[in-house]
Structure formats: C-alpha cells, structure tokens
Amino acid sequence: MTGFLAIVTRLAWRNLWRNHRRTLITLCAVTVGVWAMIFMTALMRGMVNDMIRDGIESLPGHVQAHHEDFRFDPSVASLLPLTDAEIEARLVEAGIDRFSNRVNVPAVVSSERASRGVTLYGIDPARDRQLSFLAGALADGRGLEGEDDDGIVVGRKLLETLDTDLGKRIVVMSQDPENDIADRGFRIVGVFDTGLEAHEESMVFAGKRTVQGMLGIDDRVSEVAVLGDDFRNVTPLVERVRTLFPENVEVLPWQELDPYIGAMLGVMDGFVLVWIVVIFLAMSFGLVNTLVMAVFERVREIGLMLALGMRPAGILWQLVIESLILLAIGLGLGTGLAWLTIQPLEDGIDISALAAGMEMFGASPVLYPELTPGDVLLANVVVLLLGFLASLSPAIRASRYQPVEAITRID
Amino acid sequence: MPLGITLAWRNLWRHPRRTWLTLGAIAFSNVLLVFMISLQVGMYGLMIENSLKALTGHIQVQARNFIDDRKMRQVVPDARGLAERIRGETGLATVTPRTEAFALVSSAERSYGVQLLGVVPENEPAISSLPGLVDEGRWLEAGDGAGIVIGSVLARNLRVSTGDELTFIGSARDGSFAAAVAEVVGIFDSGITELDRGIAAIPLDFFDETFAMRGAAHRIVVTVPELDTVPGYMDDVQALLPPGEELVVHDWNALQPGLRQAIQADIGSAFFMYAVLVVLVAFSVLNTQLMSVLERTREFGINLALGISPGRLGRIVMLEAGIMGLLGLGAGALLGGLLTAWLGVRGFTYPGMEELAASFNLPGRMYPQVTLLSLFSGPLVVFLFTLLASAWPALRLHLLEPVEAMRAA
C-alpha cells in the first residue's frame, strides 16, 4: 500500500505548512518541551551516576564478601574464615580478576593534639586501585607503594581535625583478637581529597601486611570487594562469588550495602519517566488544539475529498501523520538542541557555592550531565507514542464526517 | 467596560473546544504547580526542623574559633550562669549548656572512639529529639551520677545493653588524662547511623568532674519556637554576651551550612521544572490567541472601519486571555488545592522514598499542606505569562488596515 501511504504523507506534509505560523509556534513548543525533557534528565542522570560511582568506589565495589557477623560487629572478631592467599586463589581460578582483599577495622588515630575515631583499611594498593577512589583522589604526597608499605594515607579533613601535616607521625590504635590494644606509629605519606568531608575524616589507608602485623592476624582479611562490568546488573556476579565461599560468609550486592544509593537509582529511573510524561501532557493540550483547529478549518475540504472518493482511513492517516511529522521534527530539533547545550557543559557545572548542601545529598559539588541513549530513546518513544494516541481522537472524528454535510458547512 | 467583557466572554465560547483545551492546559499546569510547591515548602520546613532538632538547635553561643577548631580549651566560661541569664532575658526556657570531647569507650569486649557529650539531663527533652528516641532503658535524669546513654549501633558494636558498664578515656581541658566508669542507663535509635554509632551522652556535672571543665562548657544551645524569629533572638543573645570575652553567637545557617545549601540546590532544580511548565503553557495560549485573532481578521477590519479603535479591540483580546487565565487559575488552584489536601490526609509516598528521606531527616511519607503561598504563587505566575503571551496578538491589531483586513480570506 505504499502508493496510498505516499499520497497521504505528501498531503500531510503540505498541510502542515499551509499555516506556517501555527505550525512554527507548535513546533517551538514541542522543541522546548523535548529539550527540557532531555536536558533535565541528563543533568539528574549525571548526578546520580556520579553518586553511585562514588558510593561504589568507597568502597564496597559491586559485590562484597565478608563474615556473616561483620555488619553487626565490624571488628577484628569478624574476619573472613579463609586466608588471604586462599581467597585470592579461588577468585583467580573462577576467572574474577578485579577484586581487592582488605582489612577493615575500627581504630583511633591520634596526633600530638587530637584524636579521632576512624576506619582503618589495610589494602594491597595494586589491587585496590581498580576499585577505589584513592588513587584518583590523591592530592598531596604519594600513594601506598605496596602491601608492606609502612606509611599511612589520610583525608585532608582529618589532617585539619588532627592539627597535623604530611610527613608527621600519628599513632593508630585498634584491638587485636585477644581484646588487647594493638597500636603502631605511622608516618603520613599521602593526603587524599574527595570533596566529601565525611569520607576524608573517617577513612585511613595503610599497607595490608603492615596492618595484619599490627593486629596479629597473620594472613586474614575482613572483606573482599569485587568489581564487575555493570553496576546495574550485579546478580550474576553475586552468584559466582557466593559459590566460592563457605556458608558463614555473607555475599552482598552494593544496593544492599548502601540502600540509600540503591534507592536513588530506582527513584531516578522513575523520576525520568514521570518528568517526560508530565512535560508531554503539558504539550499535549497544545498539540491536540492545533490538530483540532486544523481540522476545523478544513471541514469543507475534507468533505470534498471524501465525496471525491478518498477513504475515511485516508483522512485519518493524513491527520495522524501530520501530527507525527510535527512531533518528529520537534523531537529532532529538541534532541539536537539538548545535545548542543550539553556539550559545552561536559567539564561540569560548578556549584561549589552549594558544596555543603550537595554533600548532604551525597553528591559532589560539580555536576556532570550525562546524555544516555536510553533516556533519549525513552523521550522520543514516549512523545511519539502518546502523540499518536492524542491525535487519534480529532482524526477519527474528522474521518467520520458525512461528505454532504461537511461540504455545506458554513461556519 | 462591561460591554467589552461581554464580547470577550462570547468570543471565548465561539470555539468551545479550543477554549476548553487551552483552559485544560492552564489548569493542568496549575494543579501540578500547586501540588509540587506545597510538597516542597512543607518538606523544607520539616527537613530543617528535624535536622536541627537532633543536636544543633537554632542558635549557639561558642568560643570564638570553636566552630572550626573544636578544641577542648575553647570554652564558654560559667556556662550555667550565662544560660540562666539568657533564659531570663529572652523568656525562652529552651536554653542549655553542653560540653563535648572525643573519648575511647570500652566495654568488656570492645572499644570504639566516640564523641562524648555532657548534657543537662532535665533540659534536653525540650531541646533535642534524642531523649525521645530512647527505646531501651531511659534518658538521663537529674540524679544520675555516672550514667551514660549511647546509640543503638554503638551498643551493638560494643556488645552491651542497659545495666552494663563502660569505661571511657580521653583528654581533659587542661591536657591531663581523663577517665571514668559509667553505667548504660539508656540506648537511643535515631535512624541516623552517624548519631547511633558515634554519640554518647553523660550528665554535665559528671563530664565536668571527669574532664576538669571548671564550670565551663563548649556550647550554649538555644532553640526557638518559630524559625523566622531566629534573627531577633540572635540579637538578644548577642547583647547578653559579656564584653571582652571571646564569645560569639552562631545561627543554624553557620552551624549547618549544608542544610540551607541543600534546600537552595533543590529550589534551583525545582525552578527549572516550573519554568518549563510555565513556558509550555505560554506557548499554548499564544497559539490559541494568535489563531483566534487571525481568523477574525475580516471581523476586526469591519470593526475598525466602523470606528472602533485598535486599542479597544486589543483590550477585548486581552480580556479574552484574562478571563481564560482567571478561569484556569481558579480551576487549577481549586483542583490543585483539593488534590494536595487529600494527599495531605492520606499521605504521599513513592517507592524508594523511605530510604532517600531518611538521610535528610524526613519521614518516609509526606503530608503536604496547602498554604496561601503554595496555592496561588504558581497559578499567579502562569496567569501573568498567559497575559504576556496574548500581548503580541493583541498588539498586532494596531497593524491592521481596515480595507485590506475586510478583504482577507
């Protein structure tokens, strides 16, 4: 039926431009609406993806394995039942190569002037680099150079709170498995800066072997963080890791370790859809109005076409296609405009004036919009689909006109 | 101009479907705006109140640099006396001193570092939300010598419950060693991990003895009944500070800068969304009005030839827009108000909101309240833009030549 479709489409196209003022205004409205849909979505999406990446990188990874008691008693008493070497062997054998074994215990750090409660992480810097923010956030000094490194890396805010500085010594105190105090002096060799003061104040990093030695725990670790390929789809990885460990080891995906961020992802997906639909509804009144006015003006002409033999379906399709063409152009322009306005913002929108507020959300003070094909596709599909539905009513009505009545309509 | 109004009204209903659709656009946007603004305004108020109620309060008196340095020796001398004076002068009962220090708290099996707070037990329930969140045991009482209240996560980590003993050690005000034993009298659960894991409270006198405070404190916390009275009370408190001493008064904005900024960030993004809605409505109205003017070109031509001024005709067009705008405003405000009121009773939530809300000290279910501001601010802006959008078609009338217009198709 391509002949029929071709004629109807040509008629629809020409009809659009008969009243170019009206078409242009409606086109403007659609373009602005689509731009708003995509732009806002990109901003929010970027913010949430950043938050998720930050959350995952500090530090659960996509999947984390630890002793089943660890979340209730995050101390040296809840270490993983396997040795470090065994864990590493099992993971490598299973084909998992991006993981980090860590010691994770509460500790107190003291400088000459002050003390603070922190979480002490004993890491293997080479492995940990792939999973955590540490390597990228180093602002001063150097990173840890190996599992045996006897230096310590702390956050910038902690440096201020303790009133100490790079190169100075601090004492780290924790508990060993016999409930005795285990302490050791460390020299501050590096300072990290993430923009999130809460992290900077509560985390300190040292070499894994050094920490194991200090605590007297031989070759044991507290947790294993594993990184997969896609943070949205971690269930298969969770299963793979679970098979490698005995019953009393808890293996969790990141959504359960940090329910706030897990919830944020779901909410954001929902929000995007709602936002698109709301904008469309606001636009739809104008769209339907345009179509209704167009039909009204051409009642006599439609009647004539029907009398001359055009099938009612032809009228219907003509009007629907008119709508769809308008929407398609608007979508193209809107998407293009959105892309154009997002490009220059790729380096981030700096809202550090509101940094403390963003920290409450868990977001960094620089917003990076992220244009995802999924969101663009969603916007386009929703607009076209709902647009099609919205234009059906006036179109069906028009196709049902009685030719004689329509031709002789005066008003 | 009653004749103008009659004409405008009749013109609107010459094309009922078109008018209804435009009214629909205006009303729809208004309903959305009323709902969203009501939700926002209520949410911010709640967020501020809940966040401040935990520990911060509305106003604090501190030593000059304490807010940045948090050093033991940066104290407010004779804290009880100053608190009493503030109470007397301002008439507020909700004034209390507090001390704080970092301490290592140990149970039989575990040790953790916490922020230890010295509080006046009988004052706290009216000022902070923590006493009300004690769900095991009880809050501190005036007679408690060596009692301590800790958070639920801390209790779990230390493996203690009420009745157990804890030792704590830290650094006193003069730099010497401070240590004491306390009995757990209560455990609170605020839902905020930082508080439940990192805070412990003991009576102010007990703290004073142990840490050699000599009657000084680190903060005097003041809460006020209405948020907008804070600046007034700030001045009052400022006037009561002894001259020469290095004491300053801070309001909650300085104490929790994140709060105001989080709200500003949220307002910023909300504004963007509102702006988009308003612009879309404006386009709708522009389209309608332009079409309605253009299709009446011949009629306007006749009117002009008969002697009616273009200005008068323009006013009729504007009146059409105005009537439509007012109807849309009324309908939108009414429907929006009803929707919001209904949700205000039923509660409004969406999946995932509970977890998100917790980190802002908000409940998982919101009850939006309709206020005059939320009911009319959005719709009024829409009304304004409706009029603006109609201005151009109305002004175009001045360009019409009567004879040409009468011959128009």
Only one of these is more than 7 Å from chain A (Cβ to nearest Cβ), over 21 Å from B:L23 (Cα atoms) and touching a Gly at 6+ places or on another chain (Cβ under 8 Å): B:R298, B:R346, B:R312. Name it. B:R312
Those residues of region A:346-383 that are part of a helix (DSSP H, G or I) and among the aromatic types (F, W, Y) come to a total of 1
Right, B:L306: under 30 Å from the mean Cα position of the chain (by Cα), more than 30 Å from A:E359 (Cβ to Cβ) and surrounded by fewer than 17 Cβ atoms within 10 Å (Cβ to Cβ) or not? no
Looking at this structure, is A:I217 free of Cβ contacts under 8 Å to residues at least 24 places away in the same chain and within 30 Å of B:L158 (Cβ to Cβ)? no
Residues in region B:21-52 that are surrounded by fewer than 17 Cβ atoms within 10 Å (Cβ to Cβ) and hydrophobic (A, V, I, L, M, F, W, C): how many? 0
Only one residue in A:L378, A:L306, A:L371, A:L326 is among the hydrophobic types (A, V, I, L, M, F, W, C) and at pLDDT 90 or above, so which one is that? A:L326
Considering only region A:114-123, state which residues are within 9 Å of chain B (Cβ to nearest Cβ) and within 30 Å of the chain's Cα centre (by Cα). A:V118
Out of (1) within 14 Å of another protein chain (Cβ to nearest Cβ); (2) more than 24 Å from B:K71 (Cβ to Cβ); (3) surrounded by 20 or more Cβ atoms within 10 Å (Cβ to Cβ), the one B:F168 does not meet is (2)
Could you check region A:332-349 and list, in sequence order, the residues that are surrounded by 15 or more Cβ atoms within 10 Å (Cβ to Cβ) and within 15 Å of A:T41 (Cα to Cα)? A:G334, A:T335, A:L337, A:A338, A:W339, A:I342, A:L345
Look at region A:11-24 and say how many of its residues are at the interface with chain B (Cβ under 8 Å from one of its Cβ atoms) and either surrounded by fewer than 19 Cβ atoms within 10 Å (Cβ to Cβ) or touching a strand residue (DSSP E or B) at 6+ places or on another chain (Cβ under 9 Å) (or both). 1
Surrounded by 23 or more Cβ atoms within 10 Å (Cβ to Cβ), touching a helix residue (DSSP H, G or I) at 6+ places or on another chain (Cβ under 8 Å) and within 12 Å of another protein chain (Cβ to nearest Cβ): which single residue out of B:L140, B:L154 fits that description? B:L154
When you check A:L281 against the structure, is it within 14 Å of chain B (Cβ to nearest Cβ), more than 30 Å from B:Q256 (Cβ to Cβ) and in contact with a Phe, Trp or Tyr (Cβ under 8 Å, 6 or more places away or on another chain), yes or no? yes
Within region B:114-159, can you find the residues that are over 16 Å from B:P203 (Cα atoms) and without any contact (Cβ under 8 Å) to a residue 12 or more places away in the chain? B:G132, B:R156
Within region B:180-200, the residues that are part of a strand (DSSP E or B) and within 14 Å of another protein chain (Cβ to nearest Cβ) are B:I199, B:A200
Among (1) outside any helix (DSSP H, G or I); (2) more than 14 Å from chain B (Cβ to nearest Cβ); (3) modelled with pLDDT of 85 or more, which single condition is A:T194 missing? (3)
Pairs with Cβ under 8 Å, 6+ apart, first in region A:243-264 and closer than 18 Å to B:L356 by Cα, second modelled with pLDDT of 80 or more and part of a helix (DSSP H, G or I): A:I261/A:W254; A:I261/A:Q255; A:G262/A:W254; A:G262/A:Q255; A:G262/A:E256; A:M264/A:V48
Residue count, region A:68-113 (criterion: away from every other protein chain (no Cβ under 11 Å), among the aromatic types (F, W, Y) and not in a strand (DSSP E or B)): 1
With the condition kept exactly as written, say whether any residue in region A:211-224 is of a type in the set (A, V, I, L, M, F, W, C) and modelled with pLDDT under 85. no
Which condition number does A:G270 fail, the rest of (1) free of Cβ contacts under 8 Å to residues at least 40 places away in the same chain; (2) surrounded by 21 or more Cβ atoms within 10 Å (Cβ to Cβ) being met? (2)
Give the number of residues within region A:284-321 that are surrounded by 18 or more Cβ atoms within 10 Å (Cβ to Cβ), touching a residue at least 40 places away in the same chain (Cβ under 8 Å) and within 12 Å of chain B (Cβ to nearest Cβ). 10
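Looking at region A:51-67, which of its residues are more than 14 Å from chain B (Cβ to nearest Cβ) and either under 30 Å from A:L378 (Cα atoms) or surrounded by fewer than 16 Cβ atoms within 10 Å (Cβ to Cβ) (or both)?
Scanning region A:51-67 gives A:R53, A:D54, A:I56, A:E57, A:G61, A:H62, A:V63.
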Is at least one residue of region B:290-306 hydroxyl-bearing (S, T, Y) and under 19 Å from B:A389 (Cβ atoms)? yes
Assuming A:F70 fulfils every condition listed in (1) modelled with pLDDT under 85; (2) buried (at least 22 other Cβ atoms within 10 Å of the Cβ); (3) closer than 30 Å to A:D180 by Cβ apart from one, which condition is it? (2)
Which one of these is modelled with pLDDT under 90 and either part of a helix (DSSP H, G or I) or of a type in the set (A, V, I, L, M) (or both): A:L337, A:L386? A:L386
Only listed residue being of a type outside the set (A, V, I, L, M, F, W, C) and touching a Phe, Trp or Tyr at 6+ places or on another chain (Cβ under 9 Å), chosen from B:S51, B:S111: B:S51
Can you name the number of the only condition in (1) farther than 13 Å from B:Q289 by Cβ; (2) in contact (Cβ under 8 Å) with a residue 24 or more places away in the chain; (3) buried (at least 16 other Cβ atoms within 10 Å of the Cβ) that B:M353 fails? (2)
Options A:D163, A:D148; residue that is part of a loop (DSSP other than H, G, I, E, B), more than 14 Å from every other protein chain (Cβ to nearest Cβ) and either over 29 Å from A:D229 (Cβ atoms) or without any contact (Cβ under 8 Å) to a residue 60 or more places away in the chain (or both): A:D148
Meets criteria (more than 30 Å from A:E322 (Cβ to Cβ), part of a helix (DSSP H, G or I), touching a Gly at 6+ places or on another chain (Cβ under 8 Å) and among the hydroxyl-bearing types (S, T, Y)) for A:T210: yes
Identify the single condition in (1) of a type in the set (S, T, Y); (2) without any contact (Cβ under 8 Å) to a residue 24 or more places away in the chain; (3) crowded, with 17+ Cβ neighbours inside 10 Å that B:T6 does not satisfy, given that it satisfies every other one. (3)
Read through the list (1) closer than 30 Å to B:A275 by Cα; (2) part of a loop (DSSP other than H, G, I, E, B), then give the number of the only condition that B:M72 fails. (1)
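The values are calculated or read from the model by the stated rules, or taken from the named source; none is laboratory data. Everything numeric in this text was worked out from a predicted model, so none of it was measured. Methodologically, a virtual Cβ is constructed for each residue, glycine included, from the backbone with ideal geometry; neighbour enumeration extends over all protein chains shown.
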